[in-house]
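The values are calculated or read from the model by the stated rules, or taken from the named source; none is laboratory data. Given the structure is predicted, the values throughout are model-derived calculations rather than measurements. Using ideal geometry, Cβ is built from the backbone for each residue, glycine included, and neighbour counts are taken over all protein chains shown.
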Amino acid sequence: MDLTQKILELKKEKKAVILAHNYLRPEIQDIADYIGDSIELSRKAVEEKDAKMIVFSAVDFMAESAAILNPTKKVLLPCLGARCPMAQMLTVDEIKRAKKQYPNAPVVLYVNTLAVCKAECDVCCTSANAVEVIKSLNAETVLFGPDSNLAAYAQDKTGKKIIPIPENGFCPTHLLFQPEDVQVLKMKHPNATVMVHPECSSDMRKVADFIGSTSKMCRYAKESPSKQFIVGTEEGILHRLRKENPDKEFYLAYEGAICPNMKLTTLERLYASLKEEKNVVRVPQAVANKARASLERMFEVKS
Ligand code: SF4
């Protein structure tokens, strides 16, 4: 039996469900029960009522969210070292300082934050629903963290004053994209549509035909009449895009845009974690209760 088969057998035996983010290695995406972005996977984790265990193939903050939303299920993170550097850029102290400075401004946190930070905010959001979440708030000034690029994008879209906390939080992978690289690709593929993630810089957003989360990109690529796309997000998404659209071509806007943390989950690590039920994600109850309220408020916003 090869490793993939062994994982599938174990999964059945242990009533586990495998969730994989769009940025994961192709072989992990191929054995996952669901592939998606953070909001889609968080929803799936809740919907899977019969599952006893969730193997969350992604990075720390996503697995934490799954554990918060599913207190009765065992949530495993195949590689404990898979940590999002952007999530580490925001601390509880920073949130408290910002709240003191702007006492009337609600705090919206991107799900790419640690549970202790989620516990301190009014509502969470993802890149797919940040604009709708901010629009839903009865406030013209909003504190937003940790991604300053998503904050700037949300400010453009909502017209509200968005104060980023910290001032310069960013995703190191999305920061690698530069408009010059898109221009070169456009010379080779002049009819290609440019899709860009809102974690990219404002310069990249300016050269985009479409700006959206990974789930929105997947939908857009399917529905668009365009046959060629230049993609401004982590390279793992190309596997799904190509699989779902075999008649279309996809080019990464910068070949080196690889998130090393998303690639830490391998078949071997996933197998070991599932077999030994190790790397269980635990969030202290008091923190989980407060963070869950912030996540549930996000789910209440229509997007
Ligand atoms: S792609 Fe960026 S935001 Fe996503 S996990 Fe990697 S570093 Fe974090």
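Before moving on, here are some points about what is shown:
- Residue selected from segment 66-97 under the condition among the polar types (S, T, N, Q) and away from the ligand (no atom under 13 Å from the Cβ), by the criterion farthest from the chain's Cα centre (by Cα): THR72
- Within segment 227-256, the set of residues being in a loop (DSSP other than H, G, I, E, B) and over 22 Å from CYS200 (Cα atoms) comprises LYS227, ASN245, PRO246, ASP247, LYS248.
- Filter pass, TYR23 being in contact with a Lys or Arg (Cβ under 6 Å, 6 or more places away or on another chain), modelled with pLDDT of 95 or more and of a type in the set (Phe, Trp, Tyr): no
- GLU255 meets the stated requirement of being among the acidic types (Asp, Glu) and within 16 Å of the ligand (Cβ to nearest atom).
- Applying a threshold of 7 Å to beta carbon distances and a minimum spacing of six or more residues, or different chains, the list of pairs starting in segment 208-233 at a residue that is in contact (Cβ under 8 Å) with a residue 60 or more places away in the chain and ending at one that is among the β-branched types (Val, Ile, Thr) and surrounded by fewer than 24 Cβ atoms within 10 Å (Cβ to Cβ) reads SER213/THR126.
- Cβ-Cβ under 8 Å pairs, at least 6 apart or on other chains, segment 108-129 side closer than 18 Å to ALA286 by Cα, far side within 14 Å of the ligand (Cβ to nearest atom) and of a type in the set (D, E, K, R): LEU114/ASP60; LEU114/GLU64; ALA115/GLU64
- Cβ-Cβ under 8 Å pairs, at least 6 apart or on other chains, segment 80-97 side of a type in the set (Lys, Arg), far side part of a loop (DSSP other than H, G, I, E, B) and at pLDDT 95 or above: ARG83/VAL59; ARG83/ASN261; LYS96/GLU120
- All positions within segment 58-99 that are outside any loop (DSSP other than H, G, I, E, B) and either β-branched (Val, Ile, Thr) or farther than 19 Å from TYR110 by Cα (or both): ILE68, LYS74, VAL75, LEU76, VAL92, ILE95
- Any hit, segment 27-39, residues being among the aliphatic types (A, V, I, L, M), surrounded by fewer than 21 Cβ atoms within 10 Å (Cβ to Cβ) and touching a Cys at 6+ places or on another chain (Cβ under 7 Å): no
- Flag for GLY159 being under 15 Å from the mean Cα position of the chain (by Cα) and surrounded by fewer than 20 Cβ atoms within 10 Å (Cβ to Cβ): no
- Residue selected from segment 26-65 under the condition free of Cβ contacts under 8 Å to residues at least 24 places away in the same chain and over 20 Å from ALA272 (Cβ atoms), by the criterion nearest to the ligand (Cβ to nearest atom): TYR34
- Evaluated against (1) within 16 Å of the ligand (Cβ to nearest atom); (2) loosely packed, with under 14 Cβ neighbours inside 10 Å, LEU176 falls short on exactly one condition, (2).
Matching residues to (1) assigned by TED's automatic domain parsing to the domain that holds THR141; (2) closer than 24 Å to ILE18 by Cα:
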position: PRO71; (1), (2): no, yes
position: LEU76; (1), (2): no, yes
position: ASP93; (1), (2): yes, no
position: LYS96; (1), (2): yes, no
position: GLN101; (1), (2): yes, no
position: PRO106; (1), (2): yes, no
position: TYR110; (1), (2): yes, yes
position: VAL116; (1), (2): yes, no
position: CYS121; (1), (2): yes, no
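- A count restricted to segment 204-214 and to residues that are crowded, with 17+ Cβ neighbours inside 10 Å and part of a helix (DSSP H, G or I) stands at 3.
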